[in-house]
Amino acid sequence: MMNAVLEEFDGQSWFRLPVSGLDVRFFLRGSMLGEGHGKAKTSRAVLSPLLGQEPSCLIAPKQVHGTTVLENIPENAPPVYEAEADGILFDARDAADLRVEASLRFADCAPVVVAPSPEWAARNGTPWVLMMHSGYKGTVQNIVDAGLEKARACYGESAIDGAWAWIGPCIGGANYPRDVEEWTLKGLESFRGENVKKAGKVFFDIAGELRLQLIDAGIAEESVFLSDINTCERADICYSYRNGEMTERMFLWAGVRS
């Protein structure tokens, strides 16, 4: 798998992810997305010059820092049903006919994308992508494992053989200090030592821990790719909650290639 490709048009940049049979992109801070104000439907609308006609259904769950992963069925798209979830398992089986797309939003939490090998997608005829929103709490609870278990249940164990993963821009460990409290103690129990630093407060490397979780869940080490972009330090291309951006969000989107 080639790593994500950075593209740009008219002041709006994004990473294009090479998912077989699907169009998957992660939109960064830019001239278009800035008009979306962190709202899924509005963000999709302002990106229409790049993504085409708006879909009949946009799956955009209420993100609650948990481990629930939805499937791409119209019942999971608002306003029919405003689900609480932090992951979406999206495939091409019915999405094109039903005009369904999927999206998640980010400002310091990590976008995690998992997709099958091109060989598996060609052999089985079912392109799929697992999209996850994993901040500190999602990483402590291991949404990666929950998402990959759902993918195995839907497509079989072989779907993970040869799969690849991408961890996108998120807050770096040096910029994420926590006071000692209940959730910090949970993190000290679940994070590996190499991803924790104690210096008065406790600092957690979310991307580093996600990488190990993906490997533990069956993704080959050489098939896990990190963007190495720290959202807190790259205000030129990222939105960051820690930098005071309360509403603006980056936008992970998936649809069927036209």
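The values are calculated or read from the model by the stated rules, or taken from the named source; none is laboratory data. On a predicted model such as this, the values are computed, not experimentally measured, just so you know. Here Cβ is always computed from backbone atoms with ideal geometry, including for glycine, and neighbour counts include all displayed protein chains.
Restricted to strands (runs of 3 or more DSSP E) entirely inside segment 125-223, those with at least 2 residues that are charged (D, E, K, R) and either at pLDDT 95 or above or over 18 Å from the mean Cα position of the chain (by Cα) (or both) are 196-199. Checked across segment 192-208, the condition of being in contact with an Asp or Glu (Cβ under 6 Å, 6 or more places away or on another chain), among the aliphatic types (A, V, I, L, M) and surrounded by fewer than 19 Cβ atoms within 10 Å (Cβ to Cβ) holds for no residue. The set of residues in segment 1-19 that are in a loop (DSSP other than H, G, I, E, B), over 17 Å from the mean Cα position of the chain (by Cα) and either among the aromatic types (Phe, Trp, Tyr) or crowded, with 18+ Cβ neighbours inside 10 Å (or both) contains only Met1. Among the residues of segment 50-68, those identified as free of Cβ contacts under 8 Å to residues at least 60 places away in the same chain and either touching a helix residue (DSSP H, G or I) at 6+ places or on another chain (Cβ under 8 Å) or not in a loop (DSSP other than H, G, I, E, B) (or both) are Leu50, Glu54, Ser56, Cys57, Leu58, Ile59, Ala60, Pro61, Lys62. Of the numbered criteria (1) outside any loop (DSSP other than H, G, I, E, B); (2) crowded, with 16+ Cβ neighbours inside 10 Å; (3) touching a helix residue (DSSP H, G or I) at 6+ places or on another chain (Cβ under 7 Å), the one Cys232 fails is (1).
Within segment 74-124, restricting attention to residues that are assigned to a loop (DSSP other than H, G, I, E, B) and over 17 Å from Lys62 (Cβ atoms), the residue that is modelled with the lowest pLDDT is Asp94.
Return the residues of segment 31-45 that are under 14 Å from Leu252 (Cα atoms) and in contact with a Gly (Cβ under 7 Å, 6 or more places away or on another chain); say none if nothing qualifies. Hits for segment 31-45 are Thr42, Ser43. Just one of (1) surrounded by 15 or more Cβ atoms within 10 Å (Cβ to Cβ); (2) within 26 Å of Tyr239 (Cβ to Cβ) fails for Tyr155. It is (2).
Could you tell me whether segment 222-244 includes any residue that is among the aliphatic types (A, V, I, L, M) and over 30 Å from Lys41 (Cα atoms)? Checking segment 222-244: at least one residue is among the aliphatic types (A, V, I, L, M) and over 30 Å from Lys41 (Cα atoms).
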